[in-house]
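Undergrad: My structure is below; once you've seen it, I'll send some questions.
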Amino acid sequence: MYPSDLKYTKEHEWVRVAGDRAQVGVTDYAQKQLGDVVYLELPDVGKTFSKGDVFGTIESVKAVSELYAPVGGEVVEVNSHLAQHPESVNSDPHGSWMIVMKLANPGDTGGLLDANAYTDLTK
Amino acid sequence: MNDTIPGSFQSRHIGPDEPERDAMLRAIGVPSLDALIDQTVPPGIRLEKPLDMPEADTEFGYLRRLRTIAANNQVARSCIGMGYYDCITPSVILRNVFENPGWYTPYTPYQAEIAQGRLESLLNFQTVVKDLTAMDIATASLLDEGTAAAEAMTMFHRLQAKKTSVGQTSVFLVSDRCFPQTLDVLKGRAEPLDIRLEIGDPGALPMENAFGLLLQYPDDHGEVRDLRPIIDKAHAAGLLVAVASDLLALTLLTPPGEMGADAVIGNSQRFGVPLGYGGPHAAFLATREAFVRQAAGRIIGLSVDARGQHALRMALQTREQHIRREKATSNICTAQALLANMAAMYAVYHGPKGLRAIAEGVHNKARVIEDALAALGFRQTNAAYFDTLRIEGASVPAVRTAAEAAGINFRYDGGAIGISLDETTTIGDVRDIIGAFAAAKGEDGTVIFKYPVPFSPNVPAALRRTSAYLTHPVFNTHHSETKMMRYIRSLERKDVGLDTSMIPLGSCTMKLNAASEMIPVSWPEFSRMHPFAPAEQAKGYAQIFDELGDALCRITGFAAVSLQPNSGAQGEFAGLMAIRAYHRDRGDAKRNVVLIPSSAHGTNPASATMAGLKVVVTKCDSNGNVELGDLHAKAEQYKDTLAALMVTYPSTHGVFEEDIKEICAIVHGHGGQVYMDGANMNAQVGLTSPAAIGADVCHLNLHKTFAIPHGGGGPGMGPIAVAKHLAPYLPGHPIVSASGGGAPRASSNGGTKAIPAISAAPWGSASILLISYGYIRMLGVDGMTSATRVAILNANYLKARLQGHYDVLYANHNGRVAHEMIFDLRPFKHAAGASVDESDVAKRLMDYGFHAPTVSFPVAGTMMIEPTESESKDELDRFCDALIAIRKEIQAVMEGKADAKDNVLKNAPHTAEEVSADQWSHPYTREQAAYPLPFVKANKFWPAVARIDNPYGDRNLICACPPVEAYAETL
């Protein structure tokens, strides 16, 4: 069920890499654990993060979780639609990208899981 | 034991009588209550002999004796001010809110569908604060003005942390014209977070490295100054600015929000809440909308219910300690809901015009006094003021002698004399105030002045309020007593309190709040005392503090008590600060690690973080107990830095852990202190004690074990008791430094090693200490011990009755639970297909007339039930019958006999409107919806709204009374 064109982290983020750009979001498993998402705190364009840094927070009614950068780089785009419609994360988790990062080291996606490995993790 | 003397207070306080107890013991399968206790409480920690305390008094005898103690308090006319002002509690509010169990016995409104009344009133409170301060949003509510200032400071610290680099010194600027008690509370809260306070004339303080500034308006002297220049300067330097203010003054003065403030804090006490020798009162915090996720305190917000109608709920709970734990915005849990509701009702009753008239009356009298004193040659130094004059150059002893002879308390601040007026100030008082000054000058005291005078404010035009406030209809409708009485009642009947049915909230101890305990709180000898009144006028209070402090020492086995903390969470902070001070005093400043079991209440890690300590979580084993191996390993790992263990006993899992002494010994062996969270003290009193298990300090939630009502979300009190070696570090107070009357074991404020004040008032919310005092005096040792035993009996009886229907998660090796238990609802929750979860059960209980147990604490997907000793067998049986009937309803869903979506559980709660509507489309009957068991008909409680949409409310935050049109839009 997890799209094979995405890579995943153990913290339940996904990343969609295209060239030196990467979209980042949270997985279906994450949104189910959180429940109804009500708020996202996302960084400003221009901020840079190393892999594993906290780049934002995601809140549901009952839980709050930090968002970890699956790759290192600079934030070049933030999904403003999600600020108005955080529920999209629940209805379309793998389409609801939160930020686009310009990769610091394009091609370096070491340590990320593929769809099969991630599916095993969430079993 | 002599448990059930007919007519004794304990026979009234404790629910089950002798025959009921026998029947319950048979159901449990134990021969006697003694045997049950032996199977429940480990032998190694039992008290060897009964507590040595006074015999129980009767209710009549207690009240008669208390009258004589009350007579030792002398209520002077208070002109002390400093954030506390006498006021008139409108009788309709006194009788129908303050003294009404419908308002004072409910819990915090987590179960919003049966709490719409107080949620509406709290929304009114937020609107009052928001309007008068001219800010975007307000929370409801904080504990006192001092801690509200601290919450503003730490909010700014978090907000600014995003801008400043790590490691930079944090500096918070504070005007030296803030109240001294606020300064002291700030000192205590700043230091552990490495915030440096710079106190002085704000215009002269260097702003380069600072992140925020606190001003007071009107200030400590009573002076009203234009804040715009200093706020503009601070903003230009990148600071955020908080203003401590006074709601009544803001009816006349330009509000801080219009001068650019980023936060406004203060005390709403003078909106009809009695002084109470320091509390309880509701403090407030108002701020910008952009900061709402960093603001401390509950926020009431609008949402919609399942039928699309507007409904209220607590919004944005992810800010709070029960979810975010050590990352929470604050450790605040218990707030001051009852008092916030009173303040809101005061505004509803008087309306904007009435409030303004009150404020003008106060100001006019101050003007008259200023003129008269000027004529007598006194120098008043506040260029502009609202209600407070400051006289300099007078002979303080002469004025004081004359004033005290006339029964008036002024503020004596070095060589200056402060005169604060309030709505109770009469023309006679004006005459006597002037007369006291005249007498000090040797004049004959014949005072001539003119009154009434036309309103002519002495404040410059730029500081006179021009903007409207409280324009919402709710503040412009209920001005006759009939209307007001009905408005209060219309809200009250939407809420479930203990006057409706048992509230089986685990960890909350919703026991009886007896009328005889409550009545004295309104006696003027207790309610009209200013917290900084001279000690010789408060001998009655001193006696109560001494006796209560002594009783709490005996109950805990400790050496000293501080009655200052206003909540359990504040007690935790105070206790951890005392531990921290102890380590530092011994040259052990590196001890900064607190071990906290994973099952701990969220306040524990939140308080530890506030105290600048590092939280290390230790594991629990499959029985819910602290895992000794992990504890030992972590104690060893942190042996050089271990400051303390925070442990709840009996555990939050509802079990008396057998290893508790060993747990404490491991921590002591590695240089740490043991902090015991006293939330579950109701299972200990008279059987064991915090000292007996090996703890060094504990707090006592007086609003749990010691009968202070929950007030719909506060007030509470969280005194701490400490072993002898920690006594020197109990909190001090900058104004009242004497001990509580001299008894060495009782509450004291201010040894040389004392930590700064925890609360703004020296004995916290002093007036409600009377409730716990009455509880202890009327139950006596036998009664309190019996209460503990029956609390354990009731819990084990519930367990026996629910056995076979639900799984109880944890019990000890004898199969016994302490005073509460967790039952598991996770087996009914499935990702796909038919599924019932804990909130379905919670909402369905409302249809049966019950408030849910604690939901998803300490284990997600479960409920925790605590019956308390006050519930009789027949009420316990009704509650069990309801839960068993619900279990059958769950089974029907599981087996596909009921629709997976359209069933009694998913559609709960059912409102009268829905059940009586012409249209009924559900596959079950109306009777199954509303009257699922015969007993429900006898005492039906109709939820005011259907299931509330929680995500909607958090996604569309509206947290003030919305314009009437907004309701139409949501429909």
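Laboratory data are not the source of any read-out in this text; all were calculated from the coordinates shown. On a predicted model such as this, the values are computed, not experimentally measured, just so you know. Positions of Cβ are generated from backbone atoms using ideal geometry, with glycine treated the same way; all protein chains shown enter the neighbour counts.
Undergrad: Is there a simple number for the mean count of other chain Cβ atoms within 10 Å of the Cβ of residues in B:950-956, and what is it?
TA: 6
Undergrad: Take the alpha-carbon positions of region B:756-906, form their convex hull, and give its projected area averaged over all directions (one quarter of the hull surface) in nm².
TA: Projected area, direction-averaged: 13.1 nm².
Undergrad: So, in nm, how far is label B:ALA860 from label B:ALA236 when the simple model puts each one 7 Å beyond its Cα toward the Cβ?
TA: Each label point lies 7 Å from its Cα, and together they span 5.1 nm.
Undergrad: Just need the relative contact order of chain B here, percent rounded to a whole number, with Cα pairs under 8 Å and 6+ apart.
TA: About 20 percent, as a whole number.
Undergrad: Looking at region B:554-647, which GluC sites (Glu not before Pro) are DSSP coil and have at most 10 other C-beta atoms within 10 Å of their C-beta?
TA: Qualifying residues, ordered by number: none.
Undergrad: Among DSSP beta bridges lying fully in the protein assembly as shown, give the percent that are antiparallel, nearest 5.
TA: 65
Undergrad: Based on the alpha-carbon gyration tensor of region B:52-103 and its eigenvalue square roots a ≥ b ≥ c, which shape applies: rounded if a/c is under 1.5, prolate if not and a/b is larger than b/c, or oblate?
TA: In terms of gyration-tensor shape, oblate.
Undergrad: With θ set to phi - 60° and the Karplus curve 6.51 cos²θ - 1.76 cosθ + 1.60, what are the ³J(HN,Hα) couplings of region B:862-869 in order, to the nearest whole Hz, using x for Gly and Pro?
TA: The phi angles translate into 10, 10, 10, 10, 10, x, 6, 6 Hz.
Undergrad: Find which of B:ILE503, B:PHE526, B:LEU491 sits farthest along the positive direction of the dipole of region B:453-536, computed with +1 on the beta-carbon of Lys and Arg, -1 on that of Asp and Glu, about the Cα centre.
TA: Positive-most Cα among the choices belongs to B:LEU491.
Undergrad: Counting each DSSP H run of 4 or more residues in chain A as -39500 (n - 2.57), what helix-only mean residue ellipticity at 222 nm follows after dividing by all residues, to the nearest 500 deg cm²/dmol?
TA: Helix contribution divided over all residues of chain A: -4000 deg cm²/dmol.
Undergrad: Along the Cα→Cβ direction, 7 angstrom out, place labels at B:ASP22 and A:ASN116. What is the inter-label distance in nm?
TA: If labels sit at B:ASP22 and A:ASN116, their model points lie 7.2 nm apart.
Undergrad: Collect residues whose amide H, placed 1.01 Å from N in the peptide plane, falls under 5 Å from the amide H of B:VAL617; neighbours closer than 5 in sequence don't count.
TA: Counting only residues 5 or more places away or on other chains, the set is B:ILE596.
Undergrad: Another one. If you take the Cα Rg of chain B and divide it by 2.2 N^0.38 Å, with N the number of residues, what do you get?
TA: Relative to the 2.2 N^0.38 Å estimate, chain B comes out at 0.92.
Undergrad: Using the Karplus curve 6.51 cos²θ - 1.76 cosθ + 1.60 with θ = phi - 60°, what ³J(HN,Hα) values do you get for each residue of region B:21-35, in whole Hz, with x for Gly and Pro?
TA: Once rounded to whole Hz, the list reads 4, 4, 4, 5, 4, 4, 5, 6, x, 10, x, 7, 5, 4, 5.
Undergrad: Where the Cα atoms of region B:631-732 are projected onto their three principal axes, how long is each span, largest first, in whole Å?
TA: 43, 35, 25
Undergrad: Please work out the ratio of the alpha-carbon Rg of the protein assembly as shown to 2.2 N^0.38 Å and round it to two decimals.
TA: 0.93
Undergrad: Also: So how much slack lies between B:HIS813 and B:SER91, counting 0.36 nm per residue of separation and subtracting their Cα-Cα distance, in nm?
TA: Additional length available on full extension: 254.4 nm.
Undergrad: Report the calculated FRET efficiency for B:ASP176 and B:ASP588 (r = Cβ-Cβ distance, R0 = 35 Å), to the nearest 0.05.
TA: The formula returns an efficiency of 0.55 here.
Undergrad: When only DSSP loop residues count, what GluC sites (Glu not before Pro) in region B:166-231 have their Cβ near at most 15 other Cβ atoms within 10 Å?
TA: B:GLU208
Undergrad: Let me ask something else. Which value results when the Cα radius of gyration for region B:880-969 is divided by 2.2 N^0.38 Å?
TA: Compactness ratio reported: 1.33.
Undergrad: Mind sorting B:VAL453, B:VAL722 by how few other Cβ atoms lie within 10 Å of their own Cβ, fewest first?
TA: Exposure proxy ranking, most exposed first: B:VAL453, B:VAL722.
Undergrad: On to the next question. Using Cα-Cα distances under 8 Å and only pairs 6 or more residues apart, what relative contact order does region B:865-955 have, in percent?
TA: Reported as a whole number, the value is 26 percent.
Undergrad: Further, regarding this structure: With point charges of +1 on the Cβ of Lys and Arg and -1 on the Cβ of Asp and Glu, referenced to the Cα centre of chain B, which listed residue (B:GLY587, B:SER921, B:PHE378) lies farthest in the positive direction of the dipole?
TA: B:PHE378
Undergrad: Then there is this: From the C-alpha gyration tensor of region B:69-162, pull out the three semi-axes of the equivalent ellipsoid (sqrt of 5λ each), sorted largest to smallest, in whole Å.
TA: With the √(5λ) rule applied to region B:69-162, the semi-axes are 28, 24, 14 Å.
Undergrad: Which listed residue (A:TRP14, A:LEU121, A:ALA30) has the Cα farthest towards the positive end of the charge dipole for chain A, taking +1 on Lys and Arg C-beta and -1 on Asp and Glu C-beta about the Cα centre?
TA: Farthest towards the positive end: A:LEU121.
Undergrad: Sort B:THR752, B:THR154 so the one with the fewest other Cβ atoms within 10 Å of its own Cβ comes first.
TA: B:THR752, B:THR154
Undergrad: Rounded to the nearest 500, what is chain B's calculated 222 nm mean residue ellipticity when only DSSP H runs of at least 4 contribute -39500 (n - 2.57) each, over all residues?
TA: -11000 deg cm²/dmol
Undergrad: Roughly speaking, what is the centre-to-centre gap between region B:561-612 and region B:42-71 when only Cα atoms are used, to the nearest Å?
TA: So the separation of the two Cα centres works out to 30 Å.
Undergrad: Kindly express, to the nearest 10 degrees and within the range 0 to 90, the angle between helix B:568-585's C-alpha long axis and the longest C-alpha principal axis of chain B.
TA: Between helix and principal axis, roughly 80 degrees.
Undergrad: Label-point separation (nm) for B:GLU198 and B:ASP444, each offset 7 Å from Cα along Cα-to-Cβ?
TA: In this crude label model, B:GLU198 to B:ASP444 measures out at 5.8 nm.
Undergrad: Ok, one more. Report the gain in length on full extension from B:LYS49 to B:GLN928: 0.36 nm times residue separation, minus Cα-Cα distance, nm rounded to one decimal.
TA: That works out to 311.1 nm of additional length.
Undergrad: Taking Cα centroids, how far is region B:755-833 from region B:141-155 in Å?
TA: Answer, in whole Å: 30.
Undergrad: Listed highest first by mean packing, meaning other Cβ atoms within 10 Å per residue, what order do B:923-934, B:182-193 come in?
TA: B:182-193, B:923-934
Undergrad: Next question, about the same structure. Amide H neighbours of B:VAL171 under 5 Å, at least 5 residues apart or on other chains, H built in the peptide plane: list them.
TA: Residues meeting the criterion, in which the H sits 1.01 Å from N, are B:ARG196, B:PHE211.
Undergrad: For region B:637-647, in order, what is each residue's ³J(HN,Hα) by Karplus, 6.51 cos²θ - 1.76 cosθ + 1.60 with θ = phi - 60°, in whole Hz (x at glycine and Pro)?
TA: Rounded to whole hertz, the list is 4, 10, 4, 7, 10, 5, 9, 6, 10, 9, 9.
Undergrad: For the pairs A:LYS123/B:LYS799; A:LYS123/B:LYS619; B:LYS634/B:LYS661; A:LYS47/B:LYS327; B:LYS233/B:LYS353; A:LYS32/B:LYS888, note any where the Cα-Cα span goes beyond 26 Å.
TA: A:LYS123/B:LYS799; B:LYS233/B:LYS353; A:LYS32/B:LYS888
Undergrad: Taking H placed 1.01 Å from N in the peptide plane, check which residues at least 5 places from B:GLN564 or on another chain put their amide H under 5 Å from its amide H.
TA: B:ILE720
Undergrad: Please give the contour-minus-distance gain from B:THR477 to B:GLU913: 0.36 nm per residue of separation, less the Cα-Cα distance, rounded to one decimal in nm.
TA: Fully extending the segment from B:THR477 to B:GLU913 adds 154.4 nm.
Undergrad: Once all Cα-Cα distances of region B:781-854 are split into 5 Å bins that start at 0, what whole-number percent is in each one?
TA: 3, 14, 18, 20, 19, 13, 8, 4, 1, 1, 0
Undergrad: Also: Could you tell me which trypsin sites (Lys or Arg not before Pro) in region B:520-595 are loop residues by DSSP with no more than 12 other beta carbons within 10 angstrom of their beta carbon?
TA: B:ARG586, B:LYS590
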